[in-house]
Amino acid sequence: MQKTVHIIGAGISGLSAAVRLANANYKVHVHEATQQAGGRCRSYFDAATNLTIDNGNHLLLSGNRHALAYARSIGTEAGLVGPKLAQFPFVDLSTGQRWLLDLGDSRLPLWVLDESRRVPDTGLADYLGLMPLIWSGKDRLVKDAIRCDGTLYRRLVQPLLLAALNLDPPEGSAGLAGAVVRETLLAGGQACRPLIARDGLSAVLVEPAIKLLQDKGASVRFSHELREFATSKGRVTELNFGDDSIAIAPGDAVVVAVPPRSAASLLPGLKTPTKFRAIVNAHFRFDPPRDAPPILGVVAGLVEWLFAFPQRLSVTISNGDRLVDMPREELAQAIWRDVCKAGSVAGELPPWQIVRERRATFEATPEQNALRPGAATGLKNLFLAGDWTDTGLPATIEGSVRSGDRAADHVLAMSQV
Ligand SMILES: Cc1cc2nc3c(=O)[nH]c(=O)nc-3n(C[C@H](O)[C@H](O)[C@H](O)COP(=O)(O)OP(=O)(O)OC[C@H]3O[C@@H](n4cnc5c(N)ncnc54)[C@H](O)[C@@H]3O)c2cc1C
């Protein structure tokens, strides 16, 4: 008989679990609280710019194995596009200096041996100084593992870790930072090619998954928020959605792929991260110059990364809590000034939109990292997924997909007992 699984939450973690289980011939039911799938990784039409935009610019790297395998499984790997080589142009707004970090195409970080490819004014010894991060324990801070000053830090380590951890790197978990460095810089250029969902996050990472699920006979219900569940003998026996409830037969499974606050209210006593950090994105309706790189790293500015899309320049600012209450117009003007300098463009403020995701990621400190649970719970047929579960990575798409895959593997293992 076909086994049934209920997936709660249609973010990337829930969708990746759902796709894996639908492919394993499970009868899949997805329940999403809002009217749209994708969670923190979604697109929508924005009237201010008259464009479809993403809630945030999401950067993947070619070394994000699970995320790429997920895209492949829903037929959209080709929708993740980027330059052929792992090259990152940077500009320092305090000096105007520009450089190209060229990580090459190797599986080894050979680029650090070549002065013309590494960060200007840095030497091999600076890179060797990062080694303690690679084997750092979970409870160490970045600032206790490596020097958080100097040219290499300012021009590469700080931008990379700020983007990956979404906090000021010195206060971040050295264990998480080490995982990032192991899977990117240390894995050579082959793992570092930047990839962007050029046609939008929903078109590339979300809607094709929903279509695949529906084609396989899965149900995907929106505005269907799980409120609570009943249990008996250590198993979930009923899901309660307020207006309706669903009985869970013996042998059926539930994957809870919701953010930590929802998970904690559904599962009282569950330890989850309790602190979060914001990410601010600004989108400007503006035709990028023809030679604009798809992604530009910006040092010593308010802007951290500048993305060029058709008809749009877009900006990401991590660790954005300080900007959450700033008046929107003032913030848009300040960001646009940086965009003009960094992107070598000029003009009055074009149509714009600012998206401030207050709880974009859990706070990647050792203290909060220690609060992340694994996939298994005290209930035999209920498993957790989400970027905030213990994936060993900071809150990223790669971590979300890994968590979804892991939860699906638990469901598959359950049916073999
Ligand atoms: C602005 C921004 C920029 C980012 N940039 C990057 C980046 O460049 N690279 C990168 O890799 N990652 C990035 N991330 C992180 C990435 O978006 C997340 O790690 C990922 O989307 C999280 O997916 P998830 O499935 O774990 O959780 P979520 O996306 O939060 O999904 C959870 C889903 O559960 C639903 N839900 C909640 N409660 C219930 C309930 N009771 N019943 C039913 N459904 C429920 C929610 O509505 C939601 O759809 C960024 C995030 C943000 C916000």
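The values are calculated or read from the model by the stated rules, or taken from the named source; none is laboratory data. Owing to the predicted nature of the structure, the values given are computational and were not obtained by experimental measurement. Backbone-built Cβ (ideal geometry, glycine too); neighbour counts: all protein chains shown. For accessibility, only protein heavy atoms count, side chains too; no ligands or nucleic acids. Shrake-Rupley method; radii C 1.70, N 1.55, O 1.52, S 1.80 Å.
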Restricted to the range 5-53, and to residues that are part of a loop (DSSP other than H, G, I, E, B) and among the β-branched types (V, I, T), which residue is most open to solvent (accessible area, probe 1.4 Å)? T34
For helices (runs of 4 or more DSSP H) lying entirely in the range 85-178, having 1 or more residues that are open to solvent by 20 Å² or more (accessible area, probe 1.4 Å) and within 16 Å of the ligand (Cβ to nearest atom) picks out 158-165
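Out of the residues in the range 312-365 that are more than 23 Å from the chain's Cα centre (by Cα) and of a type in the set (D, E), which is surrounded by the most Cβ atoms within 10 Å (Cβ to Cβ)? Break it down stepwise before answering.
Taking the range 312-365 first, the residues more than 23 Å from the chain's Cα centre (by Cα) are 325-334, 336-352.
Filter once more, keeping what is of a type in the set (D, E): 325, 329-330, 338, 348.
Values: D325: 8, E329: 11, E330: 10, D338: 21, E348: 5.
Selected residue: D338.
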When you look at V258, is it open to solvent by less than 40 Å² (accessible area, probe 1.4 Å), closer than 30 Å to A332 by Cβ and within 16 Å of the ligand (Cβ to nearest atom), yes or no? no
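I12: touching a strand residue (DSSP E or B) at 6+ places or on another chain (Cβ under 7 Å), within 9 Å of the ligand (Cβ to nearest atom) and either modelled with pLDDT of 95 or more or of a type in the set (S, T, Y) (or both), yes or no? Show your work before the answer.
Values: touching a strand residue (DSSP E or B) at 6+ places or on another chain (Cβ under 7 Å): no; within 9 Å of the ligand (Cβ to nearest atom): yes; either modelled with pLDDT of 95 or more or of a type in the set (S, T, Y) (or both): yes.
The answer is no for I12.
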Pairs, please: C-beta under 6 Å, at least 6 apart or cross-chain, first residue closer than 14 Å to R40 by Cα and assigned to a strand (DSSP E or B) and in the range 378-395, second open to solvent by less than 30 Å² (accessible area, probe 1.4 Å) and near the ligand (Cβ under 8 Å from one of its atoms)? none
What are the pairs with Cβ atoms under 9 angstrom where one residue, in the range 22-39, is touching a residue at least 40 places away in the same chain (Cβ under 8 Å) and under 18 Å from I74 (Cα atoms) and the other, located anywhere, is open to solvent by 50 Å² or more (accessible area, probe 1.4 Å) and of a type in the set (S, T, N, Q)? Sequence gap at least six, or different chains. Y26/Q2; K27/Q2
Look at the range 54-67 and say how many of its residues are more than 25 Å from E225 (Cβ to Cβ) and either more than 12 Å from the ligand (Cβ to nearest atom) or part of a strand (DSSP E or B) (or both). 5
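Give the residue that is nearest to the ligand (Cβ to nearest atom), with candidates limited to residues of the range 267-284 that are surrounded by fewer than 17 Cβ atoms within 10 Å (Cβ to Cβ) and at pLDDT 95 or above. Spell out the reasoning first.
As a first pass, look at the range 267-284 and keep what is surrounded by fewer than 17 Cβ atoms within 10 Å (Cβ to Cβ): 268-271, 274-275.
This time we only want the ones that are at pLDDT 95 or above, so: 270-271, 274-275.
Numbers: L270: 13, K271: 17, T274: 16, K275: 15 Å.
Filtering the range 267-284 for residues that are surrounded by fewer than 17 Cβ atoms within 10 Å (Cβ to Cβ) and at pLDDT 95 or above, the one nearest to the ligand (Cβ to nearest atom) comes out as L270.
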Please go through the range 1-46 and give me each residue that is among the acidic types (D, E) and closer than 17 Å to L212 by Cα, ordered by number. E32
